[in-house]
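Notes for the one structure printed next.
Quick note: the coordinates plus some simple rules give every number you see, no bench work behind them. If you're wondering where the values come from, they're calculated on a predicted model, not measured in any experiment. As a convention, Cβ positions derive from the backbone with ideal geometry for all residues, glycine included, and neighbour counts pool all protein chains shown.
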Amino acid sequence: MVSKPHGGKLIRRIKRDFEKEDIQTLEVSLEQALDIENICRGVFSPLEGFLDRNNYLSVLENKRLSNDIPWTIPIILDVSNQSIDGLKEGDDVLLKYYDRNIALMNIEEIYQWDKKQYARYIYGTTDPEHPGVSKIYKMNDYLVAGKLELLNSVPTRFERYTLWPIETRILFRERGWRTIVGFQTRNAPHRGHEYVQKAALTFVDGLFVNPLVGWKKKGDYKDDVILAAYETLIKHYYPRDVVVLAVLRTSMRYAGPREAVHHAIMRKNFGCTHFIIGRDHAGVGNYYGPYDAWKIFQEFPDLGITPLFIREAFYCKKCDGMVNEKICPHNEEYRIHISGTNIRRMLLNGERPPEYMMRREVAETILSFENPFM
């Protein structure tokens, strides 16, 4: 049976009948517009709007909403002082992305925030070299909280890959899947990813591959490349009807352990019962320990989705295949570790990585793009 939505109820806040009245407007960025749609379509259940100060501080300090439901990344709407001139608590405001009406928000609270405090709690560092911290420091000084009602979807180039939680839940039920493992990615698949996914598939009914489509740091794979590479892998190396491929439209935060929990919660809302946690899930540089993203789940026995900690895969020349340290008895001299950085470097130089690193068809798909990287 697919998992219950986080908080017990799948949020759907969609308004069909809106006639433009004399209402103040607020321009939002693409990233903010995506957060709005994710709230209103249940990806961020149980949130019904952007966090007020009480919930914001509770998430920072306790990794939980004020009602004690696990939540690790604040979902906030930052605004400049000028943009909210004339607005006050209790007002309705129309949120626009360019010339598109995205949502209505009833303002519950307007408050200032401490960006260094945010960075310290969420990223574990205030170092501006961290891509997430750097981004936070550039945000506006005020936050606006309030419940939302979606008016229109955010335009997308990935309509055929777009499924919302209400749709994936129906799809999983139609396929007869009682157990579903989710897989988060911002990379094209190499053999290590394939090994982990197939290891999980041996004891669940279906795999939900859910690439993140949105802001990523320079040097990451472009969204089109990731999707094309996965289409190729699934076509050639997976049985029919055991995989669903759909995008998650949100930004990478590179928040390591906290983001790992956040990623699990979102996949729980899509209907997943299990979720694969990478060894350095959502990490960047050397800001997090190699297993910090595993340890944090000990704090959430009430999360409602089972994390799968599958060990890092490598190619063993003696075993003649992809294995991990738990099942391979051989010394390091026989082991070839799959480095995403090395694979990207090869592809950037127009080279096809060896078969033990990346499937030939996948590499050729990536190399068919003129420039596969951000």
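For this structure, a couple of remarks:
- Segment Ile166..Asp141, full-extension length gain: 5.5 nm, with 0.36 nm per residue of separation and the alpha-carbon distance subtracted.
- With a simple spin-label model that places each label point 7 Å from the Cα along the Cα-to-Cβ direction, the separation between Phe158 and Glu89 comes to 3.8 nm.
- Which of Leu10, Leu95, Asn106, positive extreme of dipole for the chain (C-beta unit charges): Leu10
- Extension gain, Asn106 back to Glu174 (0.36 nm per residue minus Cα-Cα distance, nm): 20.8 nm
- Using a simple spin-label model with pseudo-atoms 7 Å out from Cα toward Cβ, Met374 and Asp99 lie 3.0 nm apart.
- Note on region 123-251: with charges restricted to the Cβ of Lys and Arg (+1) and Asp and Glu (-1), its dipole about the Cα centre is near 140 debye.
- Among the listed pairs Lys217/Lys295; Lys147/Lys295; Lys216/Lys268; Lys198/Lys295; Lys216/Lys326, a Cα-Cα separation exceeding 28 Å is found for Lys147/Lys295; Lys216/Lys326.
- For the chain, the Cα-based Rg and Dmax, in that order, read 21.2, 73 Å.
- Simple rule: put +1 on each Lys or Arg Cβ and -1 on each Asp or Glu Cβ in the chain, find the dipole, and look at Gly285, Ala199, Gly350; the Cα lying farthest toward the positive end is Ala199.
- Nitroxide proxy distance, nm - points 7 Å out along Cα→Cβ at Arg120 and Phe203: 4.1
- In summary, the aspartates and glutamates within cross-link reach of Lys138, defined as a Cα separation below 16 angstrom excluding same-chain residues under 8 places away, comprise Glu31, Asp78, Asp114, Asp127, Glu129.
- Cα-based reach from Lys318 at 13 Å (exclusive), listing aspartates and glutamates while leaving out same-chain residues under 8 positions away: Glu332, Glu333
- Taking the Cα centre of the chain as reference, the dipole from Cβ charges on Lys and Arg (+1) and Asp and Glu (-1) amounts to some 1240 debye.
- For the pair region 77-108 / region 292-310, the C-alpha centres are spaced 36 Å from each other.
- Rounded to the nearest 20 debye, dipole of region 6-150 from Cβ charges on Lys, Arg, Asp, Glu: 580
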